[in-house]
Amino acid sequence: MSELRRQALTVPGSGKTISRKARSRQSSAASSRVASRQASRVNSRVGSRANTDDEGSSSDGTCYSLDSFAGSAPTVEEELPDPGQHWKEVLGDMVNRICDRKKSSYLGREEALREYAAILSAKFAKEEITRRKSDIIASCLHSIKAPRTEKESLLAAKALALTIITDPSEDVYDAVAQTFKRVITDHDSHLLKCALIHNLSAAAFYGGATTAETEGIMNYLLDIIESDGHSAGAGDDAGVVTAALEEWGFLCTQLEDAEEITTNSIDALIDQLESSEVPVQVAAGENIALLYEKSYTEAEEDELDDATQAGTKWVQRYKPYGRTEELKETLTGMSSGSRRYLSKRNKKTQRSAFADILHSLDDPLKGPRFSEALDKDGAVRGSRLKVRVHKTGILRHLKRLLGGGFLTHWTENPIIFESLSLFVEQY
């Protein structure tokens, strides 16, 4: 079965998402916007023992973007700078500084977390962190729950995500899930909410969550989507809603039977097509297309004759939505990118994404950019982008977490390699 094309996204901006539900809630008083986020990088090194927490230093109040230390999501071809031939020694030092909180300042922890995350992204370092993994997780959770600065919590979230996918184990989900949910709901930082939404799904996938627990997370994320972020304390924040949509889709790719999930979620996803923010629209549209694709499964042995006569080995098990033609009309309008208020770049993004989304609804068994043209051997070219069996969601999820270190982990991390099992072919 073909997959919906999904392009890697950068961390969402601070725009608001205004859906029909949000507009109905709005009164004459306009909602205050989240403060502008500054994308200043951490350039200077600081001593691990300078200005300890006991000295009473407070946050400088600066609001940092994830781009400050993780970088915008790079393409697969990009590579992180080599941390050097002595990276194992440096990593060991960073682990000690992260775990020994009594001897480090929050500034020292920020530097250690940043260096630790950079090395784990660029190198597969399972052997180097396994012995201290429980201490690393505990310290990162402490920095997430009670940080001195927003930057410390964001760096800890990044470090924790990389720890999870570097050394997955069955007990990680139970160790982090409740903390993640509590902080997503209660913390003031919308950037941290976004980071932990992404981390929560990583913990579920690589940390031992059961199918029931995975579906529970999807329901939790659906609440955020349906409420336009209000259930997570981030009303009408496009970044939070987009993160919830992306990770809902990622977890959905893992379900063998999505019929009940489709019934419970399709209306909420369609509602988000009315958002004023393109990232929200695209993420919702991609999830809708995914649900249409997942309504097909391979034909059973006693169904093969009928399926073969229809020119396929796949059978649609259920109708994802009762008003598909009406939905297609909406998607057709969005694929034109005709909304006047959109920038040229956003119009291009919207047109490209919704052309593929619409194609997936028209024929879920053919990949995006399907071509009827024949190749040199006389065979139909088919989809111009092929990714096997619902793996694009995993690909994008990993690229968000690993950035330029994606290729290193794909080739050296057996868990990542096995979970992808993909073959990408572009003409």
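The values are calculated or read from the model by the stated rules, or taken from the named source; none is laboratory data. Treat the numbers as computed from the prediction; the structure is a model and nothing was measured. Neighbour counts are summed over all protein chains in view; Cβ atoms, including those assigned to glycine, are modelled from backbone coordinates with ideal geometry. What goes into the accessible areas is simple: the full protein's heavy atoms, side chains included, and nothing from ligands, DNA or RNA. Shrake-Rupley method; radii C 1.70, N 1.55, O 1.52, S 1.80 Å.
Here is how the numbers come out for the structure above:
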| quantity | calculated |
| --- | --- |
| Residue in the stretch 140-155 that is over 19 Å from residue 193 (Cβ atoms) and not charged (D, E, K, R) present | no |
| Single unsatisfied condition, residue 185 versus (1) closer than 26 Å to residue 419 by Cβ; (2) among the β-branched types (Val, Ile, Thr); (3) surrounded by fewer than 22 Cβ atoms within 10 Å (Cβ to Cβ) | (1) |
| Breaking point among (1) more than 17 Å from residue 232 (Cβ to Cβ); (2) out of contact with any Asp or Glu (no Cβ under 7 Å at 6 or more places or on another chain), for residue 208 | (2) |
| Any hit, the stretch 55-64, residues being at pLDDT below 50 and hydrophobic (A, V, I, L, M, F, W, C) | yes |
| Where a residue in the stretch 253-269 is without any contact (Cβ under 8 Å) to a residue 60 or more places away in the chain and its partner, wherever it lies, is surrounded by fewer than 18 Cβ atoms within 10 Å (Cβ to Cβ), with Cβ under 6 Å and at least six apart | 259/318 |
| Sole residue being open to solvent by less than 10 Å² (accessible area, probe 1.4 Å), within 14 Å of residue 290 (Cβ to Cβ) and touching an Asp or Glu at 6+ places or on another chain (Cβ under 7 Å), chosen from 249, 229 | 249 |
| Residue in the stretch 136-146 that is touching a strand residue (DSSP E or B) at 6+ places or on another chain (Cβ under 8 Å), at negative phi and open to solvent by 10 Å² or more (accessible area, probe 1.4 Å) present | no |
| Qualifying residue in the stretch 293-304 (condition: aromatic (Phe, Trp, Tyr), at pLDDT below 85 and buried (at least 17 other Cβ atoms within 10 Å of the Cβ)) | no |
| Some residue of the stretch 261-274 being within 15 Å of the chain's Cα centre (by Cα), part of a helix (DSSP H, G or I) and surrounded by 21 or more Cβ atoms within 10 Å (Cβ to Cβ) | no |
